[in-house]
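Trainee: I am attaching a structure below and will ask some questions about it afterwards.
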Amino acid sequence: MLGFSGRLDPLLRRPFSIHNVMPAAGVAEAVELLYKVVGKATQTLCQQQPGKMVNLLGPLGNGFRIPTDARRIYVAAGGIGVAPLLFLAFSLYHKNIDPVDCRLFLGGRTKDDILCRDDFLKLGVSVITTTDDGSDGDQCLVTQPLEIAVEHCRPDIIYACGPEAMLACVVGIAEKNSLPCQVSIETMMACGMGACLGCAVESRLESGKYWHGCVDGPVFDANLLKF
Ligand SMILES: Cc1cc2nc3c(=O)[nH]c(=O)nc-3n(C[C@H](O)[C@H](O)[C@H](O)COP(=O)(O)OP(=O)(O)OC[C@H]3O[C@@H](n4cnc5c(N)ncnc54)[C@H](O)[C@@H]3O)c2cc1C
Ligand code: FES
């Protein structure tokens, strides 16, 4: 969760995914964020001068879990939902998982929303893009090539992050094909610590039960959530 000390607007910290962790001069590690400017906090963030302090609380919640025997891995990203998936891809290759086939299905409204393609390609991940206007890749929803790929060549697991409608569709594809699937959800958050209920998401396991997106997630096994 990232905020700005001493400012009343934006008052609350905002949640961001870890995009990358890397060595940095003088400190043990640097954390990289990838963000889209949509409102006050992201506007303020992009106006920060280098060296200026921000208020960071974390890491909070969980991350993607990687089965050690996963060899064919499909990853679906919608827009800025790609942010945590690069860190996942680094983890796949740096934790000796060594997938034989890792494919990223990367969708956006236009070519400007197709982010990080080269970072994934450098890791050896195949990238399939789609856009709503056809300006990059096929003109269709990203779930379309994902579904075709799943039916032609069954993966061991699917990971996804993006808009809720896209996640619902990915989960549907996984369930239809009896595949494990983990999704990172982007529900609104306020405290990040399980205290305010701002991030409640309905459980599929038990009627009337809710998860806290901030402490139980943001990554969930697909079968735990109601879309
Ligand atoms: C676990 C998690 C990880 C995230 N990781 C990233 C990331 O890596 N990069 C990134 O750019 N963003 C990420 N987000 C989304 C980011 O936290 C919001 O966009 C944030 O609210 C931006 O703050 P703001 O003040 O700039 O905009 P706000 O003023 O807070 O929001 C601007 C507009 O976006 C809408 N909005 C805000 N948050 C959401 C949401 N979660 N879902 C739908 N609509 C929303 C608001 O209703 C408003 O209309 C993540 C969210 C979660 C929960
Ligand atoms: S953000 Fe407050 S309980 Fe999750």
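The values are calculated or read from the model by the stated rules, or taken from the named source; none is laboratory data. It should be emphasised that the depicted structure is a prediction, and the values quoted were computed from it without experimental measurement. For neighbour counting, all protein chains shown are included, and Cβ atoms are generated from backbone atoms with ideal geometry for every residue, glycine included.
Trainee: Name the pairs whose Cβ atoms lie under 7 Å apart, with the first residue in the range 133-153 and in the same structural domain as Ala165 (by TED's automatic domain parsing) and acidic (Asp, Glu), the second in a strand (DSSP E or B) and at pLDDT below 95, and 6 or more positions between them or separate chains?
Mentor: Listed pairs, sorted by first residue: none to list.
Trainee: Hey, another quick one. Out of Gly198, Gly217, Gly194, Gly208, which single residue is of a type outside the set (A, V, I, L, M), more than 19 Å from Gly61 (Cα to Cα) and in a loop (DSSP other than H, G, I, E, B)?
Mentor: Details: Gly198 fails: more than 19 Å from Gly61 (Cα to Cα); Gly217 fails: more than 19 Å from Gly61 (Cα to Cα); Gly194 fails: more than 19 Å from Gly61 (Cα to Cα).
On inspection, the qualifying residue turns out to be Gly208.
Trainee: Go over the candidates Gly63, Gly58, Gly78, Gly108 one by one and state the one that is within 14 Å of ligand 1 (Cβ to nearest atom), within 15 Å of the chain's Cα centre (by Cα) and closer than 18 Å to Cys199 by Cβ.
Mentor: It is Gly63.
Trainee: For the range 2-44, give me each residue that is in contact with a Phe, Trp or Tyr (Cβ under 8 Å, 6 or more places away or on another chain), among the aliphatic types (A, V, I, L, M) and assigned to a loop (DSSP other than H, G, I, E, B). Write out each step before concluding.
Mentor: Step one: of the range 2-44, the residues in contact with a Phe, Trp or Tyr (Cβ under 8 Å, 6 or more places away or on another chain) are 2, 10, 16-21, 33, 35, 41-42, 44.
Restricting the remaining residues to those that are among the aliphatic types (A, V, I, L, M) gives 2, 18, 21, 33, 41.
Scanning the range 2-44 gives Ile18, Leu33.
Trainee: Okay, next question. Which count do you get for residues in the range 21-42 that are under 21 Å from Asp112 (Cα atoms) and either within 6 Å of ligand 1 (Cβ to nearest atom) or in contact with a strand residue (DSSP E or B) (Cβ under 9 Å, 6 or more places away or on another chain) (or both)?
Mentor: 8
Trainee: Considering only the range 91-120, state which residues are among the acidic types (Asp, Glu) and in a helix (DSSP H, G or I).
Mentor: Residues satisfying the conditions are Asp112, Asp113, Asp118, Asp119.
Trainee: Let me ask another. If the requirement is being among the hydrophobic types (A, V, I, L, M, F, W, C) and not in a helix (DSSP H, G or I), which of these qualifies: Leu88, Leu141, Leu146, Leu167?
Mentor: Values: Leu88 fails: not in a helix (DSSP H, G or I); Leu146 fails: not in a helix (DSSP H, G or I); Leu167 fails: not in a helix (DSSP H, G or I).
Checking each option against the conditions leaves just Leu141.
Trainee: Going by the structure shown, is Glu186 touching a residue at least 60 places away in the same chain (Cβ under 8 Å) and more than 8 Å from ligand 2 (Cβ to nearest atom)?
Mentor: Yes, satisfied.
Trainee: Go through Leu205, Leu179, Leu146, Leu197 for me and flag whichever is away from ligand 2 (no atom under 16 Å from the Cβ) and modelled with pLDDT under 95.
Mentor: Leu205
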